[in-house]
1. Scan the stretch B:114-139 residue by residue and report those that are crowded, with 20+ Cβ neighbours inside 10 Å and touching a Gly at 6+ places or on another chain (Cβ under 9 Å).
2. Step by step: first the residues of the stretch A:103-119, then only those that are within 7 Å of chain B (Cβ to nearest Cβ) and assigned to a loop (DSSP other than H, G, I, E, B), then the one that is surrounded by the fewest Cβ atoms within 10 Å (Cβ to Cβ). Which residue is that?
3. Can you tell me which residues in the stretch A:185-231 are closer than 22 Å to residue A:78 by Cβ, of a type outside the set (Phe, Trp, Tyr) and not in a helix (DSSP H, G or I)?
4. Identify, by number, the condition in (1) surrounded by fewer than 22 Cβ atoms within 10 Å (Cβ to Cβ); (2) of a type outside the set (Phe, Trp, Tyr); (3) under 20 Å from the mean Cα position of the chain (by Cα); (4) away from chain A (no Cβ under 12 Å) that residue B:186 doesn't meet.
5. Return the only residue of B:128, B:169 being on the phi > 0 side of the Ramachandran plot and at pLDDT below 85.
6. Taking residue B:138 as meeting all but one of (1) farther than 14 Å from residue A:27 by Cβ; (2) more than 10 Å from every other protein chain (Cβ to nearest Cβ); (3) in a helix (DSSP H, G or I), write down the number of the exception.
7. Whether any residue in the stretch B:126-135 is at the interface with chain A (Cβ under 9 Å from one of its Cβ atoms) and out of contact with any Pro (no Cβ under 9 Å at 6 or more places or on another chain) is what I want to check.
Amino acid sequence: MTATATTPAVHGWLARAVSDVAVITRRNLLFTVRLPQVLVLSSIMPVIFILMFTYVFGGAIQNALPPAAAGRYVNWLLPGLLAQFALFGGAATASGLAEDLAKGAIDRFRSLPMAGAAVLAGRTLSDLVRLALTLTLMLAVGYGIGFRPQTGLPGLLGAAAVGLLFGYAWSWVMALVGLLVRSAEAVQAATYLVVFPLAFTSSVFVPTQTMPSWLQPFAANQPVTVATNALRGLVLGPGALPPGRTVAGQVALALLWAVAITAVFVPVSVRAYRRTVR
Amino acid sequence: MDNAIIQVQDLVKVFGGKVPVRALDGLDLTVERGGVYGLLGPNGAGKTTLIRVLATLLEPDRGRVRVAGIDVRHHPEQVRARIGLAGQYAAVDDHLTGRENVEMVGRLYGLPRRQARRQAVEVLERIGLTQVAGRPVRTYSGGMRRRLDLAASLVGRPQVLFMDEPTAGLDPASRRELWALVSDLVEGGTTVLLTTQYLEEADQLADRIAVIHHGRVVSDGTGDQLKDRVGGAVLELTVPEADRAQTLQALRTLRTDGGADDRHPGRIVVPAPHGAATLAEALRRLHAAGVTPEDVALHKPTLDDVFLALTGQLATTPSGNGHDPHGGGDRRGQHQHERATR
């Protein structure tokens, strides 16, 4: 007479969690595939940044560049923009979660016997795939206007890997922003608030040595600068780094930032998710 | 063996803020296995908060809450495996097809891929969406989206289904379709707990009803039991506007609690505990006061009357446009009144 409880045939919490994360990741990626406009529109900004800065500011900044840039601003700029948009990719995480909250999807997920962190893990993973597409596009556009990695393919792949890990870590920060801020418009404002100050007070666009001395200690050591230096060192060699910095050291530091950010924000964001009240 | 599928004792939920709101204020509720249980109450009564506590979305501040015999606070994950939730908004993904939506939720209930697909196909058939299952949800009408949401909440074959205002915002035809589906579910053995502000809906669908007001159950029972609790009958009079004050004055002492209900322009509602005798007495007094009523009706109390008597507020009918405790009387089941007059 009465309905019997469903006996889940997927056993073990780890198998369940992996399955749940895969289901959510697939759901989010299907959104990207079936509404490609979103991805296309979000790809315009990084392309504009590459073109605008290369052609508008390139001439002026060229002289301040170290020789490792081989006389081309785009060589110097592109690794920095990769780091900036790795950070910026997290905006999609925040707005995606805010939208799921508004639509009631999070309510449904929270009422299901699924792994607590799966919605956030699936969201950050699908955004990682999107970020990989964005970075690939940026590299292609950069190559088209003269970007040439000076260290060959291994350096380029290493830089892509560091950029993706760095972006993935920030995705968890933005997950928290999305859960706390909720409305799509406010999420956008909040992500700009995080991203632009960090991007412009870093070594993305200009060497930090050119900044005022009161700003330098922050600018030279904040995470976007560290990631930019790591990427730049990987594609241009040690000559592209400020004096006293090594490629291995900057890569290690960038990875440490990624691990530290993830270690702090995964539990905080998961906790916020569990307590989210629509 | 205990046959209760939902047991709530002394449930308190307070929302913080500058002025804390006691959304649930010592609520007690027992729902037996099987059938449809209706939670009836105005906006802000605490219905949605209760559903959210039962569905493990909110933690109670105080009290004992068991769903399918399991404590929601201690083992929420076990509760989730046994419940389905259809919220106030159809929480379905626009970019997925109907079948993909249901299958996804099946997977998240822990079903292996093949079984999730099979159960999705079954439940879509049952809910009458097979024809459109392959279409993206953004092409669905509002009623279809609600039905899909219902399908998704059923794919895990829950013991209890929570429906929070399942028909809010639907047109009358879609509403009736959904009602038919809910009745079918019960035959399949699922216990349904639904909230509504619509008296007609509770009356039509629910085997038992709890009236919720200010975070407590103020009365519960079958629709008929609730109606009996208000008294044997209700007397409704329509008088010319000019005679209204005089009429109210004349009928004052008919009511045990003093004062006739005069919320409805032109209409006056008075409890009539002694039925026809009360009617005769009312007419005698009106005659003495020189008032000739335009219409007089003696009828069994509707749930509307029950609601009014229990909470002192008017509930809405589905044709109404929102709840307003001090509002006019138009939205109060006009056709019920007409039926009663005939």
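The values are calculated or read from the model by the stated rules, or taken from the named source; none is laboratory data. Computed from a prediction, not measured in an experiment: that's the story for all the values here. Every residue, glycine as well, gets a Cβ built from its backbone with ideal geometry; the counts of neighbours run over all protein chains shown.
1. Listed by number, the residues that qualify are B:116, B:119, B:120, B:123, B:124, B:129, B:133, B:137.
2. Ranking the qualifying residues of the stretch A:103-119, first place goes to A:104.
3. A:201, A:202, A:203, A:204, A:206, A:207, A:211, A:222
4. Every condition holds for residue B:186 apart from (4).
5. Working: B:128 fails: at pLDDT below 85.
So the residue among B:128, B:169 that is on the phi > 0 side of the Ramachandran plot and at pLDDT below 85 is B:169.
6. Evaluating residue B:138 over (1) farther than 14 Å from residue A:27 by Cβ; (2) more than 10 Å from every other protein chain (Cβ to nearest Cβ); (3) in a helix (DSSP H, G or I) leaves (2) as the failure.
7. First, the residues of the stretch B:126-135 that are at the interface with chain A (Cβ under 9 Å from one of its Cβ atoms): none.
No, the stretch B:126-135 has no match at all.
For (1) in a helix (DSSP H, G or I); (2) more than 11 Å from every other protein chain (Cβ to nearest Cβ), each residue gets a yes or a no:
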| residue | (1), (2) |
| --- | --- |
| B:123 | yes, yes |
| B:144 | yes, yes |
| B:150 | yes, yes |
| B:153 | yes, no |
| B:158 | no, no |
| B:162 | no, no |
| B:166 | no, yes |
